[in-house]
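Input: one structure, supplied below.
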Amino acid sequence: MLKTLLMWCIILWVALLGLQGQIMAQDLMHTVVIDAGHGGKDPGCIGKYLKEKDVALRISLKLGEFIKEKYPDMNVVYTRDKDVFLALDERAKIANKNNADLFISIHANAASPKAYGTETFVLGLHRTESQQKVAERENSIIHFEENSEEKYADFDLSPDAIIARQIQLSVFLDQSIYFASNIQKEFGGVGRFDRGVKQAGFLVLYKTTMPSVLVEAGFLTNPAEENFLRDTLNQDQLANAIFRAFQQYKNTIEGNQVPIVDASYIKNVKAGKPVVASPKVESVAEKSVQLKDSDIIFKIQIDTSRDKLSLTDPRFKGEDVSEYVQDGLFKYTVDAIVNDFEAAKKRREELVQKGFQHAFVVAFRQDERMNISEAIAQSRKNN
């Protein structure tokens, strides 16, 4: 008992010293390492048309392009930039060797055909069966590696070991959660369903010594999501969402803005609660706005029912759906587009192509539905 207590005291002391050092040394970001999951002989999860390794590589390369275009002086390092196999421990070594300021590992998900949405993980205890399965699947790459038992002998993923690792890297964990929450918010802003920020015991995150996240961009086992991910424009859209989250993170770390994730959010993630990002209204142009009382919110209504439906009902085809009640009926909408009726019409056309034949645009002001003609006129005045 005394020995265990002493061990925890030492870990806490080391963590505090590390935290003080990180705060004092915190300056401009120089290097980001982007890790495309799987590769080569390891395809990752497989859908009807896609392999995880290919989706992850495309999004990773595009993310790097966005970063380099905006920040030419930023050192962008890829763990792989082509279809090659790379061991899990090598990915962490690349990040550590390059003294990375941030590590982003990109993947696609697999589960039942009904599962959909995006989620971003940080290192921690997997508290649910689904979180454990995600970790086990992403860790299964070691079966493709030679001498894996010897290589990963010191990768202790027991609860005590992970907690100790979290304490050692406590400052990185808070930053990782902050970055992960930004990613999920940006995904929500482009219409992806937010499954939250979660923790799990990922080997690829275990040995990194910087803020690190693992992004699951969608489910290849869901036909609608696989079709979404087949489109290179959609892949670019996801990469751009991660890039915008990176911009927010970079500005915060470098002292250019105040973090928008409060202590309770970080506390809940650390407690093992999958936290869904707070709703954020964005235009199709993907520009965050502060709503005014006169602003018009256009949404696209895709279904109406006399009975209350689950927001994950298969008929919604994986769309991020909101519900409102009017005249005793349950009505279901997607998106929240501010003062831009033309953008809403374009989004409606996309939804019709996806199979929502009876989709139409509705308008709200201060959460009250209003006449569409009046809404269009008011939105034009607002612009």
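Specify the residue that is surrounded by the fewest Cβ atoms within 10 Å (Cβ to Cβ); the eligible residues are those in segment 168-227 that are assigned to a loop (DSSP other than H, G, I, E, B) and of a type in the set (A, V, I, L, M, F, W, C). Even if it seems obvious, please write down each step before you answer.
Just the residues of segment 168-227 that are assigned to a loop (DSSP other than H, G, I, E, B), to begin with: 169, 190-193, 201-202, 207-211, 220-222.
Pick out the ones that are also of a type in the set (A, V, I, L, M, F, W, C) and you get 169, 190, 193, 202, 210, 220.
Details: 169: 23, 190: 18, 193: 20, 202: 25, 210: 21, 220: 24.
Ranking the qualifying residues of segment 168-227, first place goes to 190.
If you don't mind, there's one more thing I want to ask. Identify the single condition in (1) under 16 Å from residue 224 (Cβ atoms); (2) buried (at least 19 other Cβ atoms within 10 Å of the Cβ) that residue 348 does not satisfy, given that it satisfies every other one.
Only one criterion in (1) under 16 Å from residue 224 (Cβ atoms); (2) buried (at least 19 other Cβ atoms within 10 Å of the Cβ) is unmet by residue 348, namely (1).
State which residue is modelled with the highest pLDDT when the search covers only segment 50-105 and only residues that are in contact with a Gly (Cβ under 7 Å, 6 or more places away or on another chain), aliphatic (A, V, I, L, M) and in a loop (DSSP other than H, G, I, E, B).
84
The values are calculated or read from the model by the stated rules, or taken from the named source; none is laboratory data. Predicted, not measured: the structure shown is a model, and the values here were computed from it. A quick note on method: Cβ atoms are made from the backbone with ideal geometry, for glycine too, and the neighbour counts reach across all protein chains shown.
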